[in-house]
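These notes concern the structure reproduced below.
The values are calculated or read from the model by the stated rules, or taken from the named source; none is laboratory data. What you see is a predicted model; the values in this text were computed from it and never measured. Note that we place each Cβ from the backbone using ideal geometry, even for glycine, and neighbour counts take in every protein chain shown.
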């Protein structure tokens, strides 16, 4: 592990500074995406199925009362962008997972979080979290995607697995 002000090894500071700039650009791009027109969502998305699109929440967002299914409807290039103004939480366990269907790919799912994200214990999560502050993955949570925090930490508790999105 290195910090951007480390002296050695050569090249690490520049690489970390570039990574931070890339995250800031990706975060802003996701936050301001507006085509196709967004669909307003609120509360708990558990137990629902969503087609590709931009989904905007003006406060917190949850996946709690069941799994969220993202259905690409046969389009492997389908994209979901979730613009969440505040915190994002999945509960995990029996519900709260993110399920991909119809050819959906985790690399095409973006969770832009205006504050902190918590991936609940034993959640099976899909997509790339771009959080303004912190991300916590509770015990046993797994993710196919990326966990990127702009101004805070990514906290892994125990038995967490993060795999590169396909």
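Here are a few things to note about the model shown:
- Residue within the stretch 106-127 that is out of contact with any strand residue (DSSP E or B) (no Cβ under 6 Å at 6 or more places or on another chain) and part of a helix (DSSP H, G or I) present: yes
- Residues of the stretch 61-77 satisfying the condition of being out of contact with any strand residue (DSSP E or B) (no Cβ under 8 Å at 6 or more places or on another chain) and either closer than 19 Å to residue 142 by Cα or crowded, with 18+ Cβ neighbours inside 10 Å (or both): 66
- Residue selection: residue 139 satisfies the criterion of being in a loop (DSSP other than H, G, I, E, B) and either touching a strand residue (DSSP E or B) at 6+ places or on another chain (Cβ under 7 Å) or over 20 Å from residue 32 (Cα atoms) (or both).
This table checks each residue for (1) more than 19 Å from residue 86 (Cβ to Cβ); (2) surrounded by fewer than 17 Cβ atoms within 10 Å (Cβ to Cβ); (3) touching a residue at least 60 places away in the same chain (Cβ under 8 Å); (4) touching a helix residue (DSSP H, G or I) at 6+ places or on another chain (Cβ under 9 Å).
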{"position": "130", "(1), (2), (3), (4)": "no, no, yes, yes"}
{"position": "134", "(1), (2), (3), (4)": "no, no, no, no"}
{"position": "144", "(1), (2), (3), (4)": "yes, no, no, yes"}
{"position": "159", "(1), (2), (3), (4)": "yes, yes, no, no"}
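- Tallying residues that are more than 13 Å from the chain's Cα centre (by Cα) and not in a strand (DSSP E or B) within the stretch 142-163 yields 7.
- Residue in the stretch 13-22 that is in contact with a strand residue (DSSP E or B) (Cβ under 8 Å, 6 or more places away or on another chain) and either modelled with pLDDT of 95 or more or more than 18 Å from residue 127 (Cα to Cα) (or both) present: no
- Among the residues making up the stretch 23-34, those that are in contact with a strand residue (DSSP E or B) (Cβ under 8 Å, 6 or more places away or on another chain) and more than 30 Å from residue 94 (Cβ to Cβ) are 23, 26, 27, 31, 33, 34.
- Residues in the stretch 90-113 that are crowded, with 20+ Cβ neighbours inside 10 Å and within 12 Å of the chain's Cα centre (by Cα): 90, 98, 106, 108, 109, 110, 111, 112, 113.
- Matching entry among 153, 85 (being surrounded by fewer than 23 Cβ atoms within 10 Å (Cβ to Cβ) and either in contact with a strand residue (DSSP E or B) (Cβ under 7 Å, 6 or more places away or on another chain) or under 20 Å from residue 51 (Cβ atoms) (or both)): 85
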